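The values are calculated or read from the model by the stated rules, or taken from the named source; none is laboratory data. Keep in mind the model is a prediction, meaning the values are calculated, not measured. Methodologically, a virtual Cβ is constructed for each residue, glycine included, from the backbone with ideal geometry; neighbour enumeration extends over all protein chains shown.
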Amino acid sequence: MLDKFEKNGKGIMLETEKGETVKAMNEGTVLFAGLKEGLGKTVIIQHADKTESWYGNLDDIKVSLYEFIEKGKEVGVVSSNSKDKSKGEFYFAIKKGEDFIDPIQVIRFE
């Protein structure tokens, strides 16, 4: 993990391999797929419980607006790390209502 939730109170920045696929944490409908200021290429999925999962800093987006996404479906591809081009990094956040919640409280990261 490159940036923790406490840094901005919205999401976390995860380090992985460059070109790694990013998969949906749960099924839902794509509310946004495009460029978002500060996050670059971003996908936002709304889930049945009205929470949203945000996937940002992507190199490529693999879904379309209003598409229904199954859990585990590829939503995008990780972009390269700004410091080490052999590594990748992407932004991940969970939003419930108007508030972002710490993903670490909901999902286990390895």
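Here is how the numbers come out for the structure above:
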quantity: Matching residues, segment 39-56, being over 8 Å from the mean Cα position of the chain (by Cα) and assigned to a strand (DSSP E or B); calculated: GLY40, LYS41, ILE45, GLN46, THR51, GLU52
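Quick grid of which residues meet (1) buried (at least 17 other Cβ atoms within 10 Å of the Cβ); (2) aliphatic (A, V, I, L, M); (3) modelled with pLDDT of 95 or more:
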{"site": "MET1", "(1), (2), (3)": "no, yes, no"}
{"site": "ASN8", "(1), (2), (3)": "no, no, no"}
{"site": "THR16", "(1), (2), (3)": "no, no, no"}
{"site": "GLU27", "(1), (2), (3)": "no, no, yes"}
{"site": "LEU31", "(1), (2), (3)": "no, yes, yes"}
{"site": "GLY34", "(1), (2), (3)": "no, no, yes"}
{"site": "GLU37", "(1), (2), (3)": "no, no, no"}
{"site": "VAL63", "(1), (2), (3)": "yes, yes, yes"}
{"site": "TYR66", "(1), (2), (3)": "no, no, yes"}
